[in-house]
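Below is one structure, written out as structure tokens; comments come after it.
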Amino acid sequence: MTTVAGRRAGAIDWRVAGVAVAVVIVVSLVGGLATDTDSDWYRGLDRPSFQPPGAAFGIVWTALYALIAVSITLTVSRATGAERRALIGLWAANLLVNVAWTWIFFQAHSPVAAGIEILVLLGSTLALIARSAPWSRTGALLLAPYALWGAFATVLTWTIALSN
């Protein structure tokens, strides 16, 4: 049987899984620290009627972060060499941009900057899907809900930015 870095081809690297889960938890906690939907600034924003209720965001992000952790595990466990390093770098950049949106929007009170930033997030998510597919089709497909939510969040962010 072919091996990848001392593992069976296609086998899960449980160290990668542990790191992926830990990183996703940290990203969610750091993002959560910045989220302030009770602030006067946020409550004063003109928000679109299609914005989901606040409780929906926690449910959606919990599911997305779980999918992200599994996707990272599947793709990074199977990738090798320079491509593995590139995937790790792209994941790191994506998750950094992911958490930055919350700080830009809620703490810097800058919907326009958050709107520009979320385009980078969406682009990096689409790049992850493309770069992950050769290593794990399942890992790439697990990112589809993240990309779809990112597209919706882009519309929501820009609607808020243009209305305020």
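Potential lengthening of the chain between TYR42 and LEU141 amounts to 32.3 nm, from the contour at 0.36 nm per residue minus the alpha-carbon distance.
Per residue, the range 13-164 exposes an accessible area of 50 Å² to a 1.4 Å probe, with every protein chain left in place.
Apply the Karplus parameterisation 6.51 cos²θ - 1.76 cosθ + 1.60, with θ equal to phi minus 60°, to every residue of the range 90-96 and state each ³J(HN,Hα) to the nearest whole Hz, in sequence, with x for glycine and proline. Each residue of the range 90-96 in turn: 5, 4, 4, 4, 4, 6, 5 Hz. With helices as the sole contributors, the chain gives -24500 deg cm²/dmol at 222 nm; each DSSP H run of n ≥ 4 counts as -39500 (n - 2.57), and the sum is divided by every residue. Report the accessible area of THR138, computed with a 1.4 Å probe over the heavy atoms of all protein chains in place, in Å² rounded to the nearest 10. The accessible area comes out at roughly 80 Å². Zone of ALA66 (label point 7 Å along Cα→Cβ, backbone N under 15 Å): which residues in the range 122-150? 142-143, 145-146, by backbone N distance to the label point.
If the chain linking ALA93 and ALA34 were pulled fully straight, counting 0.36 nm for each residue of separation and taking away their Cα-Cα distance, it would gain 19.4 nm. Using Cα atoms only, what is the angle between the long axis of helix 14-34 and the major principal axis of the chain, expressed in degrees (0 to 90) to the nearest 10? For helix 14-34, the angle is close to 10 degrees. Dipole magnitude for the chain: computed about the Cα centre from +1 point charges on Lys and Arg Cβ and -1 point charges on Asp and Glu Cβ, it is near 820 debye. For the range 41-126, a Kirkwood radius taken over Cα pairs fed into Stokes-Einstein (4 °C, viscosity 1.567 mPa s) yields D = 88 µm²/s. Near THR157: Cβ cut-off under 12 Å, other residues only, Lys/Arg at +1 and Asp/Glu at -1. The net charge is 0. Per the Debye calculation on the range 99-161 with a single equal scatterer at every Cα and no solvent contribution, log₁₀ I(q)/I(0) for q = 0.12, 0.14, 0.22, 0.25 Å⁻¹ amounts to -0.32, -0.43, -0.81, -0.94.
The values are calculated or read from the model by the stated rules, or taken from the named source; none is laboratory data. In this text the structure is predicted, and so the values were computed from the model without any measurement. Every residue, glycine among them, receives a Cβ derived from its backbone with ideal geometry; neighbour counts consider all protein chains shown. These accessible areas exclude ligands, DNA and RNA; they are computed on the full protein's heavy atoms, side chains included. Shrake-Rupley method; radii C 1.70, N 1.55, O 1.52, S 1.80 Å.
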